[in-house]
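Please treat every number below as a calculation from the coordinates, not as lab data. Since the structure is predicted, the reported quantities are computational estimates derived from the model, not experimental observations. Heads up, the Cβs are rebuilt from the backbone with ideal geometry, glycines too, and the neighbour counts pull from every protein chain shown.
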Amino acid sequence: MATVAVPIERENYLNKEYGVASWLFTTDHKRIALLYLLSITFFFFIGGFFALLIRLELLTPAGDLVQADTYNKLFTMHGQVMVFFFLIPAVPAVLGNFLIPLMIGAKDLAFPRINLLSWYLYIIGGLFMMYTIVNGGVDTGWTFYTPLSTQFLDTHVVAAALAIFIAGFSSILTGLNFIVTIHRMRAPGMTWSRLPLFVWANYATAIIQVLGTPVLAITLMLVALERIFRLGIFNPQMGGDPLLFQHLFWFYSHPAVYIMILPGMGVVSEIVTCFTRKRIFGYRFMAVALIAIAVLGFLVWAHHMFIAGISLYSALAFSLLSYFVAVPSAIKVFNWTATMYKGSVSFDTPMLYALGFIGLFTMGGLTGLFLAALGIDVHVTDTYFVIAHFHYIMVGGMVIAYLAGIHFWWPKISGRMYPEFWGKLAAMIIFVGFNLTFFPQFVLGYMGMPRRYWQYSPEFQVLNVLSTAGATILAVGYVLPMVYLLWSMRYGKLADANPWDAAGLEWTTSSPPTTFNFDETPVVTWEAYNYDELDAPKEVPLER
Amino acid sequence: MSQHIVSAKLYISVWAALICLTVATAAVSYLELGPFNIVLALTIATCKMLLVALFFMGLKYISDRMTIVVIVAGLFWLGILVVLGMSDYVSRAWY
Amino acid sequence: MRLRRFLLSDSPTVVATHNPDLQHHFSSMEQQQDASMLGMWVFLITEIMFFGGMFFGYMVYRFYYYAAWLEGSQHMDFWWGTINTVVLLCSSLTMVLAVRSTQLNRRKSTVVFLLVTILFGLAFLGIKAIEYHGHWTEHQFPGLNWSWPGPYSSQVALFFSFYWAMTGFHALHMVIGIGLVLFIAYHAWKGKYSALYFNPVENVGLYWHFVDIVWIYLYPLLYLIGHKKG
């Protein structure tokens with residue numbers, strides 16, 4: 001029987017201090033990232049639970065599982081929890097927090113205590129949201145449209161609005177922290193044009209967080225004031241305009257979808273270059289495209305209001321602008337593809353997820369163009385076509401990119417490798433389950449099945465059953481990583497500093513990193529994604 | 001960071017200008033100028049804002065371009081909300 | 001262009017190795033101060049967008065209901081509004097003089113200027129309370145006790161909704177500002193700030209001036225619409 005050598009565990013950010021207090025009062029960006037990881041995973045399962053109930057109800061045309069009002073609450077809570085407590089923070093607050101200082105060669109973010117405050121605000125917002133859920137939930141739709149939300153409902157609208165208001169401040173502070181960090185704390189030699197695209201992506205996201213979220217904040221405050229004091233700002237009987245609410249709401253909520261997707265695009269750029277062993281095709285275009293998406297994303301919000309009563313001329317303008325915003329996204333897809341051309345591609349789990357992202361995001365994005373066309377939109381808006389469109393981007397795109405990033409950087413975060421077989425299996429189950437869930441919904445929407453309806457015409461049943469079957473498979477796919485990632489923290493193979501031979505400063509630190517990241521401040525003299533240099537034959541001395 | 005230390009006299013002069021502008025805008029509001037009342041009032045308000053921003057907030061003396069970019073971006077974004085938003089309201093009557 | 005000032009008598013001693021106020025993740029005080037100031041400006045633009053949402057709503061209804069907006073504005077307390085504008089401008093002066101005193105290592109005058117700033121701020125809030133009380137007794141709070149004898153009642157109610165919301169959020173920011181200035185005043189009194197480390201004072205100053213600028217716009221938009229009728 002062989003004796004097993006116990007590895008001497010070097011000091012790192014995980015084992016530096018133990019105890020609940022050392023976590024709850026930490027200012028280490030890496031620990032805060034893990035605090036976020038736990039919290040958003042919790043909310044992901046809450047939101048997923050509501051989704052499963054929705055899909056169960058929709059197995060049959062009749063409304064037989066829950067009552068109509070309850071169904072309204074299910075889709076509202078699903079949307080609010082998933083958008084504000086999972087998707088918005090997911091990549092920035094978990095991966096961004098963890099990686100940005102490492103990637104730029106800094107010891108921490110610019111404002112570590114504000115980083116911790118961000119997490120506490122998220123938790124407080126989450127508590128308000130749990131309070132809302134426990135007390136029967138809200139049934140306004142995640143969009144809180146007035147005057148339904150301000151005048152006609154008995155549910156806890158103010159509590160839900162407060163929950164999102166507070167979580168919004170968490171988002172604003174994270175964005176503020178990232179902007180200042182990326183501007184002021186880059187290591188010597190880490191110029192803007194040498195930054196990993198993941199950093200650029202989070203920077204673009206931060207711009208949106210900082211400029212858009214405050215408008216949501218004031219909008220929710222006005223809804224709360226209107227409810228409490230019966231002000232009438234959005235009440236047509238008092239001369240108010242419900243569309244004013246929608247303008248203010250969508251001014252944030254459209255850019256919000258770019259908050260959700262841009263970090264995912266950053267993750268994909270990191271993974272595609274690593275598993276193709278090539279520099280990114282068109283680095284400058286990729287960086288500019290990220291900023292362009294962030295800026296153009298603010299100019300299109302009323303495409304959510306085409307049939308709500310805005311003027312036709314305004315609708316035309318917003319339709320045209322919506323076409324423009326697709327261009328930088330398309331450029332990114334083309335450049336990822338061009339990166340892979342003649343590259344040395346390997347299909348590890350993160351790459352499987354990244355490839356899934358590219359395909360599914362493209363489908364979701366293209367269907368967005370259908371919706372941006374006024375004539376088509378009249379037919380398919382408020383149907384399952386829209387639902388399929390945004391789930392292709394949010395779930396097929398964003399959630400998959402998030403999982404890609406978690407797997408890619410798992411060795412760095414935890415010091416362990418996840419089991420590759422299970423990783424690949426889960427990725428494939430998720431891909432199959434996802435498409436089975438949401439592709440039928442495009443057809444359903446085109447056929448005319450409205451969204452937010454708890455009962456439907458019998459001719460829609462077959463596709464609904466397929467969709468629910470897909471959702472069950474998808475659920476299995478999501479549970480698997482939870483299980484094996486947790487397993488790996490104890491039993492997984494120990495990871496070395498750079499298991500993927502990837503480029504990027506984060507891979508020059510130990511796995512897991514020490515609390516202050518770098519023993520000496522790195523000095524950067526190489527371009528991003530210098531895989532040609534990294535993979536060059538060893539006889540040639542490398543300039544590193 | 002502004003290392004430049006401004007004289008107290010300059011600050012007090014700026015303050016005096018601000019008070020004069022306030023008196024002016026209050027006085028002008030007694031005149032009947034129709035739509036120009038608000039134009040004049042907002043122009044004076046903008047002058048006051050510039051005085052506060054340039055001198056009290058130190059924008060005249062900072063060497064850091066990034067801060068200017070940040071402020072311009074903030075004002076521009078407010079402009080997006082107002083211009084694109086009002087474009088709906090203004091054009092509703094066009095047909 | 002940078003002017004370097006030398007230390008005066010009641011300032012903390014320069015530490016040869018590094019400034020005790022340098023946080024561990026920054027490589028120099030300059031980097032720390034640059035980051036801190038940039039952070040405050042980024043925060044201020046979030047405030048521009050926060051108030052901006054209300055300014056946009058105001059603009060929409062002013063476009064639709066100009067007559068009601070004129071009517072409502074006539075019922076604002078012109079004199080209290082004007083006095084309050086002057087009060088805030090004075091507070092901005094004392095605030096910036098406080099920052100200047102810190103840059104000159106004058107601990108006592110820093111504290112005095114900060115306390116006077118607080119007094120002006122409290123005066124502002126006091127006058128607002130008087131105005132609010134007046135509007136309340138005149139039944140000018142939509143939803144709660146609204147009663148309007150003249151025409152366009154519900155539209156004037158919209159004007160007053162914006163009045164209460166905009167000045168209410170402004171007053172909330174004043175309260176927060178007073179809290180921040182109090183915090184800074186306490187630490188200034190304890191000798192924490194000097195020519196080597198004054199950017200917390202500067203940053204609170206930026207916040208204070210910003211809240212002043214919001215009022216600079218609220219004043220004409222609420223009190224000076226159209227011409228005053230006598």
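A protection proxy built from the mean count of other Cβ atoms within 10 Å ranks the segments B:45-55, C:203-213, most packed first, as C:203-213, B:45-55. Our estimate of slack between C:GLU138 and C:LEU119, defined as 0.36 nm per intervening residue step minus the Cα-Cα distance, is 4.0 nm. Packing, taken as the mean count of other beta carbons within 10 Å per residue, orders the peptides A:61-73, A:242-254 from highest to lowest as A:242-254, A:61-73.
Once both labels are positioned 7 Å from their Cα atoms along Cα-to-Cβ, the gap between A:ARG10 and A:VAL479 label points is 3.8 nm.
With the cut-off at under 19 Å, measuring from each backbone N in region C:161-199 to a point 7 Å along the Cα-to-Cβ line of C:TRP80 picks out C:161-175. Rounded to the nearest 20, the size of the Cβ-charge dipole of the protein assembly as shown about its Cα centre is 1460 debye, with Lys and Arg at +1 and Asp and Glu at -1. Dipole of chain B computed with +1 at Lys/Arg Cβ and -1 at Asp/Glu Cβ about the Cα centre; of B:ALA45, B:SER63, B:TYR95, farthest Cα towards the positive end is B:SER63. Across peptide B:55-66, the mean count of Cβ atoms from other chains lying within 10 Å of each residue's own Cβ comes to 5. Take C:49-55, A:50-56, A:338-344 and order them by the average number of nearby Cβ atoms within 10 Å per residue, most first; the result is C:49-55, A:50-56, A:338-344. Obtain the radius of gyration and the Kirkwood radius of region A:432-530 from its C-alpha atoms and give Rg over Rh. Rg divided by Rh gives 1.28. Look at the stretch A:110-122: the mean tally of other chain Cβ atoms within 10 Å of its residues' Cβ atoms is 2. The alpha carbon gyration tensor of region B:39-79 gives principal lengths a ≥ b ≥ c with a/c of 1.5 or higher and a/b no greater than b/c, which makes the shape oblate.
Positive end of the charge dipole of chain C (Lys, Arg +1 and Asp, Glu -1 on Cβ, about the Cα centre): tell me which of C:MET40, C:CYS90, C:ALA67 has its Cα farthest that way. The residue sitting farthest along the positive end of the dipole is C:CYS90. The helix-based estimate of mean residue ellipticity at 222 nm for chain A, built from -39,500 (n - 2.57) per DSSP H run of four or more residues and divided by its residue count, is -21000 deg cm²/dmol to the nearest 500. In chain A, the longest principal axis of the Cα atoms and the axis of helix A:242-276 are about 30 degrees apart.
Okay, which of region A:17-32 sit inside 20 Å, backbone N to the point 7 Å along the Cα-Cβ direction of A:LEU127? Taking a point 7 Å out along Cα→Cβ of A:LEU127, the residues of region A:17-32 whose backbone N falls under 20 Å are A:20-27, A:32. For chain A, the residue among A:VAL94, A:MET77, A:HIS29 whose Cα projects farthest onto the positive side of the dipole built from Cβ charges is A:HIS29. For region A:146-217, the direction-averaged projected area of the alpha-carbon convex hull comes to 5.8 nm². Projected label points at A:LEU24 and B:HIS4, each 7 Å from Cα along the beta carbon direction, are separated by 4.8 nanometres. Rounded to the nearest 0.05, what FRET efficiency do A:GLU420 and A:ALA62 have when you use their Cβ-Cβ distance and R0 = 51 Å? According to the calculation, E is roughly 0.65. For A:ARG416, nonlocal amide neighbours, meaning residues 5 or more places apart or on other chains whose placed amide H falls under 5 Å from its own, are A:ALA495. For the segment A:235-247, counting C-beta atoms of other chains within 10 Å of every residue's C-beta and taking the mean gives 5.
Extending 7 Å from the Cα toward the beta-carbon at both A:ALA469 and A:GLN151 defines two label points whose distance is 4.6 nm. By the Stokes-Einstein formula, at 1.306 mPa s and 10 °C, region C:14-133 with its Kirkwood radius over alpha-carbon pairs has D equal to 86 µm²/s.
Using every pair of distinct Cα positions in region A:9-143, the Kirkwood expression returns a hydrodynamic radius of 16.7 angstrom. Measuring r between the beta carbons of A:ASP519 and A:VAL134 and using R0 = 45 Å, the FRET efficiency lands at 0.40. In terms of its C-alpha gyration tensor, the protein assembly as shown comes out oblate, because a/c is 1.5 or above while a/b does not outweigh b/c.
Roughly speaking, what % of Cα-Cα pairs in region A:76-168 are separated by over 23 Å, rounded to a whole number? Of all Cα-Cα pairs in region A:76-168, 34 percent lie more than 23 Å apart. Between the Cα long axis of helix B:8-28 and the first principal axis of chain B there is an angle of about 20°, rounded to the nearest 10. Evaluate E = 1/(1 + (r/R0)^6) for C:ASN19 and B:ILE62, where r is the Cβ-Cβ distance and R0 equals 22 Å; express this FRET efficiency to the nearest 0.05. After rounding to 0.05, the efficiency reads 0.55. Relative to the longest principal axis of the Cα atoms of chain A, the long axis of helix A:400-414 lies at roughly 30 degrees.
Across all Cα pairs in chain B, the calculated P(r) in 5 Å bins from zero up to the longest distance comes to 3, 11, 14, 15, 15, 16, 13, 7, 4, 2, 1, 0 percent per bin.
One equal scatterer on each Cα of region C:47-224, no solvent, Debye formula: the resulting log10 I(q)/I(0) at q = 0.13, 0.15, 0.16 Å⁻¹ is -0.68, -0.83, -0.90. The charge dipole of chain C, taken about the Cα centre with unit charges on the Cβ atoms of Lys, Arg (+1) and Asp, Glu (-1), comes to about 580 debye, rounded to the nearest 20. Cα gyration tensor of region A:280-421, axes a ≥ b ≥ c as square roots of the eigenvalues: rounded (a/c below 1.5), prolate (a/b > b/c) or oblate? Verdict is prolate for region A:280-421.
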